[in-house]
Structures are given as structure tokens and as C-alpha cells.
Amino acid sequence: MIAETTNRIRENVNKVIVGKQEVIDLALIALLCEGHVLFEDVPGIGKTTMAKAIARSLGCTFQRIQFTPDLLPSDVTGIYYFNQKTQDFEFRAGPVMSQVLLADEINRATPRTQSALLEAMQERQATVDGNTMALPRPFLVLATQNPIELEGTFPLPEAQVDRFLLKIRLGYPTEDQENEILLRFEQDDPLDTLDPVTSPEELVALQASVRKVRVEQSVREYAVQVARATREHAAVALGVSPRGTMALYRTAQARAAIHGREFVIPDDVKMLAPYVLTHRIIISSQTRLRGRTTEEVVQEVIEQVPVPVEKL
């Protein structure tokens, strides 16, 4: 059931997006886990197009916020305004009241505005003038940040970065893929003709089903050992939190489900670890001075932790 539905979504998104199978699968995994995705890549790669394609494939409402230094929390959550006709205060919903939210260049907003989004991401609710409102389900935040432009940015606090289930880089297309993009968008935008292939209600049901995917004790212990190894690594100043361990566990269940399996294998954990753990660790200043990256450290951790094998 889960594999069939995700295959339909994948095929639908592929009508618009060229050559990003792994990225699409990672976005589907985030959807099934009720998680959020942080895209860190240069402009023009197709982040907005992918977010719209996913939203339309699900039949979900979609909103986009362009984060700037002067953006206010009310611009994200919404405001109460006085309606002179009714002589009463009415609520005007902000973009966060959608099911798929694209937070473009999220690190350009001030910490105060970022904190407004933090509540929505973690609690699935928004508080405006003391009134707390539940957000629609499913709720997915696809945020982008540019790794090149540093001027006028506010680094995301560790607490907010930790709320993102996955951190992904799309990367440039190959020459053949770029040619295919030109041909596909030569006359019409395929996004305009994209129809939903599932519904938000079906997706919520699938999210509950993913949690039933079986995880053997050895595989569960392997996920815990990988997460704990980041805390003990000499190059790491701050390792992965238990929330990160849970994220690795849940995403492994989702990956097994979209591949048609009712059980998790060690390869699920191993494949997802770089996307789940890299943004959750802070390497030491000495490690950075030596030119090493968090990606390299996480890969080293994965290679050091022994993979469980089935006993004959």
C-alpha cells in the first residue's frame, strides 16, 4: 500500500523534475515521517519547483515565504485585525497555515521570526496573540538556505536545525539531464498540468502505517550505536541528540516501506545516516581548521560502527 502510493507520487513528480530520484525519495521519506527538509544549495537548482510538484501530487495546499531580515513573526503565522464592518477582530491566516510550506532562504530572517516557525515545525501549532491554533495535516516545511551568500544572514540556532528531519543537497544536473530540462520546459511548464495522485487524508493514514514497520533488535541497536558514536568521536564537539537517534530510526522505517518491505535492514540506516546526522553535529574548531567537514566525519563514523549480520 505504502510502496504503491509513493510510486505514484514519485512518477508524478518525475514529470516535472529531471534526474533527482534519490532526492525525491528522501522528500517522500520526510513526508511519511511527518518531518521537515532543509535544502542547502545554490539558487536555480529546482528547490521551489520540487516543492510545488510534491504539493500538487498530494493535493495539498502550498505556500511560499521569502525570508528577509525585515520579515516579522506575524508575516509567518498571521494576524488578528479589526474588521470595521463586523466591528470585531478577525484572524487572517499566514502562510504557515498551509500543508506544504516552502521557507525560502530561511537563514535571512531574524532569530525572532525563525522562532515563530520553530513552534510550527515541532508542535504543529501556531500561537497568535495568545491563541494557539493547530496546523493542518499533513504539515511539511521545505526550507532552503544558500551556502554561498553569507552577508545578511542569521545562522540557524542548533535547536531549529535539529527540527529538520533531513538535510539535502540537490546538486547540479548532468549534461544529459540539463538537456532534458530544456526540452521538457521548452513550450509549456509541466507543473501547470500536474494532477493529484493521492490525498492528504490518505497520506495521514500512511504516516500511521509506517510506524508499524518491523525493526529487529540488532538493527535498532545499530542505529543507536551510530548515533552514540558521533558523541564519542574525537573530531566532534557536540554529538547527535536522542531526537536525532529517533529521526534515524523513523526514516529507516519509512525507507523500508517505500521499497515495499515490512522490515528495516541495516542498509536503510547506513544510507540515511548522512542525511539525518550531518546537520545535527558540531565539529570542533581544530577539525575545521584542518579542513575536514561534518560530512567526512559522519562517513567516518558510519565506517567505524560494525554492521549487524544475520546469524546462520
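The values are calculated or read from the model by the stated rules, or taken from the named source; none is laboratory data. As the structure is a computational prediction, the values presented were derived from the model and not from experiment. Using ideal geometry, Cβ is built from the backbone for each residue, glycine included, and neighbour counts are taken over all protein chains shown.
Could you list, in sequence order, the residues of the stretch 265-277 that are surrounded by fewer than 21 Cβ atoms within 10 Å (Cβ to Cβ) and either touching a Gly at 6+ places or on another chain (Cβ under 9 Å) or touching a residue at least 12 places away in the same chain (Cβ under 8 Å) (or both)? Walk me through how you get there before you give the answer.
So the first thing to find is which residues in the stretch 265-277 are surrounded by fewer than 21 Cβ atoms within 10 Å (Cβ to Cβ), and the list is 265-267, 270-271, 274.
265, 266, 270, 271, 274, listed by residue number.
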The stretch 174-198, subset in a loop (DSSP other than H, G, I, E, B) and among the charged types (D, E, K, R), residue nearest to residue 117 (Cα to Cα): 195
Cβ pairs under 8 Å, 6+ apart, first in the stretch 199-222 and assigned to a loop (DSSP other than H, G, I, E, B), second among the basic types (Lys, Arg): 211/250; 213/261
Odd one out for residue 11 among (1) of a type outside the set (Val, Ile, Thr); (2) in a helix (DSSP H, G or I); (3) within 12 Å of the chain's Cα centre (by Cα): (3)
Where residue 171 falls short, out of the listed (1) assigned to a strand (DSSP E or B); (2) on the phi > 0 side of the Ramachandran plot: (1)
Residue in the stretch 83-97 that is under 17 Å from the mean Cα position of the chain (by Cα) and surrounded by 14 or more Cβ atoms within 10 Å (Cβ to Cβ) present: yes
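Only one residue in 48, 5 is in a helix (DSSP H, G or I), closer than 30 Å to residue 184 by Cα, within 14 Å of the chain's Cα centre (by Cα) and polar (S, T, N, Q). Which one?
Matching residue, one of 48, 5: 48.
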So residue 220, is it over 26 Å from residue 50 (Cα atoms) and not aromatic (Phe, Trp, Tyr): yes
Index of the failed condition, residue 116 passing every other in (1) at pLDDT below 85; (2) among the aliphatic types (A, V, I, L, M); (3) within 17 Å of the chain's Cα centre (by Cα): (3)
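Would it be correct to say that residue 297 is aliphatic (A, V, I, L, M), closer than 21 Å to residue 36 by Cβ and outside the structural domain of residue 40 (by TED's automatic domain parsing)?
no
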Residue selected from the stretch 1-24 under the condition among the charged types (D, E, K, R) and surrounded by fewer than 17 Cβ atoms within 10 Å (Cβ to Cβ), by the criterion nearest to residue 209 (Cα to Cα): 4
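Looking at 222, 249, which is the one that is touching a Pro at 6+ places or on another chain (Cβ under 6 Å) and surrounded by 14 or more Cβ atoms within 10 Å (Cβ to Cβ)? Can you show your working first?
Values: 249 fails: touching a Pro at 6+ places or on another chain (Cβ under 6 Å).
None of the other options fit; the residue is 222.
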The listed residue being outside any helix (DSSP H, G or I), exposed (fewer than 14 other Cβ atoms within 10 Å of the Cβ) and touching a helix residue (DSSP H, G or I) at 6+ places or on another chain (Cβ under 7 Å), out of 69, 138: 69
Any hit, the stretch 47-58, residues being without any contact (Cβ under 8 Å) to a residue 60 or more places away in the chain, of a type in the set (Gly, Ala, Ser) and under 19 Å from residue 116 (Cα atoms): no
Lone qualifier among 243, 292, 288 - being outside the structural domain of residue 30 (by TED's automatic domain parsing), under 22 Å from residue 156 (Cα atoms) and touching a residue at least 60 places away in the same chain (Cβ under 8 Å): 243
Of the criteria (1) closer than 30 Å to residue 80 by Cβ; (2) not assigned by TED's automatic domain parsing to the domain that holds residue 81, which one residue 117 fails: (2)
